[in-house]
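All remarks here apply to the structure that follows.
The values are calculated or read from the model by the stated rules, or taken from the named source; none is laboratory data. Model, not experiment: these values are computed from the prediction. FYI the Cβ positions are ideal-geometry reconstructions off the backbone, even for glycines, and counts take in every protein chain you see. Accessible surface is based on the protein model in full, side chains and every heavy atom, while ligands, DNA and RNA are left aside. Shrake-Rupley method; radii C 1.70, N 1.55, O 1.52, S 1.80 Å.
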Amino acid sequence: MNSNELIENYFSKNISKQELLEFNHLYKTNPEFKEEVDFLKAIKSVSEVEDDVEFKKQLTSYESEYAHKEKSIISKWLKPLTAVAALLIIALSINFLINSSINEDKLFATYFEPSKNVSSPIVRSETDKTALNNAFITYNEMNYEQAIPLFDNAYNNTKNSELLFYEGNSLLVLGKIEEAIEIFKEHLTYNDALTNRTHWYLALAYVKTKQLEKAKVELKALINSEETFKKTEASSLLEKLE
Amino acid sequence: MEHHYVDALKQGDEKLIKELYGNYRNEFLFFSKKYNIAGADSLDIYQESFLAIRKHALSGKLYDVNSSFKTYLFGIGKHLIYKKLKEYSKNQSYELQVHKVDFDYEEISIDATGNLTKEQELLRHYFKQLGKSCQQMLTLSFYRGLTNEEIATLKGYESEAVVRSQKSRCLKTLKDLIKKSPQI
């Protein structure tokens with residue numbers, strides 16, 4: 001059994017006696033193995049604390065409902081709300097009848113435009129020829145083909161996760177959808193100022209490749225986030241997909 | 001205990017959790033009032049009890065418990081109420097025995113959660129910089145101890161292999177974040 005499997009079985013408590021002996025032996029004799037296991041144990045403690053915090057937040061969010069004594073409010077608004085809901089259902093079903101077939105390419109073309117550079121002001125000077133600056137200049141000039149390797153390099157050197165966002169956008173423009181999807185997924189492993197925006201572009205990439213269920217998941221993630229960027233568009237696109 | 005309640009806590013079924021929370025909230029606040037617990041503390045204790053019962057559900061040990069969800073929840077609550085009363089009594093002379101509450105629940109002790117070490121606090125800082133889906137993936141794998149197959153089923157990933165690669169991607173990102181930082 002390889003060490004990764006041993007580790008997985010250890011953390012999921014699915015480890016046999018024999019495997020546990022092997023695990024303990026490796027832990028004592030192999031420093032690299034020990035380091036990895038200790039790191040994962042630390043993640044275990046940290047994620048437990050974070051998980052509790054999240055759950056507490058969830059419970060506290062229920063409290064706001066009790067605090068507002070919303071019963072009276074609900075009954076007051078119930079009638080008009082029901083009317084609005086009924087109208088919405090009618091409107092949506094008409095919409096559904098009209099748009100019952102989805103043309104993915106057309107949707108993509110309607111909604112997609114590459115993002116502007118919102119990260120880094122460009123300095124055009126003889127002295128500032130940093131790779132990053134060049135990447136953004138090329139991107140602004142819409143030389144996407146050239147911009148891709150520049151962003152890729154700059155990202156590898158600086159690990160500035162926002163650069164993945166622009167690399168993904170460039171790939172989308174050029175129709176390299178599968179590659180764009182991979183880059184966006186990598187960007188989503190980070191939490192930076194542009195992470196939520198990536199849900200939008202990843203959703204479009206999924207639309208283009210006819211993976212509509214996945215597109216919906218991304219759109220919902222954007223709509224439920226605090227990000228205001230493309231929120232209206234996301235809602236209207238989601239409606240069309242549903 | 002009612003298995004579907006334990007499942008709801010384990011799987012994070014928000015609808016049912018919210019319902020459970022609402023079902024016993026007022027009764028619990030009334031219950032702790034009998035022990036002269038202040039209003040704000042009561043609510044805090046109720047939430048802490050919920051947090052603790054969820055922890056027990058996650059660990060899997062609730063399936064074998066004979067008492068009902070409510071009895072268990074109130075049992076934990078009682079334990080926390082006693083703890084709070086001891087806190088009160090440090091500030092002023094306070095007799096526990098004063099409360100002769102006869103209708104009652106059996107007290108259920110819970111372990112206090114350990115604090116994080118300095119290194120772990122630092123790791124937590126980077127952990128929070130991960131995207132939500134990565135945080136969730138690592139929580140499910142390491143804290144909750146789910147296998148890759150279980151995560152795939154729970155979160156609708158296509159296969160165990162997708163979970164595996166996503167997990168290693170998340171771990172790599174976390175390690176990169178740590179490496180990139182000047183502090184370590």
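Given the alpha-carbon gyration tensor of the stretch A:131-242, what are the semi-axes of its equivalent ellipsoid in whole angstrom, ordered largest first, with each equal to the square root of 5 times an eigenvalue? Could you put the intermediate results ahead of the total?
Numbers: eigenvalues 123, 43, 27 Å².
Over the Cα atoms of the stretch A:131-242, the semi-axes work out to 25, 15, 12 Å.
Rounded to the nearest 0.05, what FRET efficiency is calculated for residue A:142 and residue A:229 with R0 set to 25 Å and r the Cβ-Cβ distance? Numbers along the way, then the final one.
On the way: r = 21 Å, r/R0 = 0.83.
The computed FRET efficiency comes out at 0.75.
Calculate, in nm to one decimal, what residue A:79 and residue A:119 gain on full extension: separation in residues at 0.36 nm each, minus their alpha carbon distance.
Between residue A:79 and residue A:119, full extension yields 9.7 nm more.
Please compute, for peptide B:138-151, the average count of beta-carbon atoms on other protein chains lying within 10 Å of each residue's beta-carbon.
Counting Cβ atoms of other protein chains within 10 Å of each residue's Cβ and averaging gives 5.
Could you work out, residue by residue across B:120-127, how many beta carbons of other chains sit within 10 Å of that residue's beta carbon, and then give the average as an integer?
Values: counts 7, 2, 2, 6, 8, 1, 1, 6.
Partner-chain Cβ atoms within 10 Å, mean over residues of B:120-127: 4.
Taking the alpha-carbon set of chain B, what are its Rg and Dmax in Å?
When restricted to the Cα atoms of chain B, Rg and Dmax are 20.4, 61 Å.
Just tell me, in residue order, which DSSP H segments of chain B are both 24 angstrom or longer along the helix axis (alpha-carbon based) and at least -1.0 in mean Kyte-Doolittle hydropathy.
Length and hydropathy pass: B:14-33, B:39-58, B:69-91, B:160-180.
Quick one: Debye curve from the C-alpha atoms of chain A, no solvent, what's log10 I(q)/I(0) at q = 0.08, 0.10, 0.11 Å⁻¹?
With no solvent term, the Cα-only Debye profile gives -0.54, -0.78, -0.88.
Amide H of residue A:190 versus every other amide H placed in the peptide plane: which residues, excluding those fewer than 5 positions away on the same chain, fall under 5 Å?
Under 5 Å from the amide H of residue A:190: B:131.
Scan chain B and hand back the longest stretch that contains none of the trypsin sites (Lys or Arg not before Pro) lying in DSSP loops with at most 14 other Cβ atoms within 10 Å.
On the way: sites that count: B:34, B:100, B:128.
Result for the longest clean stretch: B:35-99.
Just the Cα atoms of the protein assembly as shown, one point each, no solvent: what log10 I(q)/I(0) does Debye give at q = 0.10, 0.13 Å⁻¹?
Treating every Cα as an identical point scatterer, log10 I(q)/I(0) equals -0.93, -1.28.
Give me the extension gain from residue A:109 to residue A:64: residue separation times 0.36 nm, minus the current Cα-Cα distance, reported in nm with one decimal.
12.0 nm
Quick one: Cα centre-to-centre distance for the stretch A:13-62 and the stretch B:106-162, in angstrom?
Cα centroid to Cα centroid, the span is 9 Å.
Please check the stretch A:188-230 for residues whose accessible area, probe 1.4 Å, is lower by 40 Å² or more when all protein chains are in place than in their chain alone.
Residues shielded by partner chains are A:189, A:190, A:191.
Calculate, for residue B:66 and residue A:178, the FRET efficiency according to 1/(1 + (r/R0)^6) with r their C-beta to C-beta distance and R0 51 Å; round to the nearest 0.05.
E(calc), rounded to 0.05, equals 0.40.
Say each of residue A:56 and residue B:36 gets a label point 7 Å from the Cα, pointing the same way as Cα to Cβ; how far apart are those two points in nm?
Reported label-point gap for residue A:56 and residue B:36 is 2.8 nm.
Run the quick spin-label model on residue A:22 and residue B:18: label points 7 Å from Cα toward the beta carbon, then report their separation in nm to one decimal.
A separation of 4.7 nm, rounded to one decimal place.
What nm value, rounded to one decimal, do you get for the distance between residue A:239 and residue A:4 when each label is placed 7 Å out toward the C-beta?
In this crude label model, residue A:239 to residue A:4 measures out at 4.5 nm.
Okay, helix-only estimate at 222 nm for the protein assembly as shown: each DSSP H run of n ≥ 4 adds -39500 (n - 2.57), divide by all residues, round to 500 deg cm²/dmol; what do you get?
-23000 deg cm²/dmol
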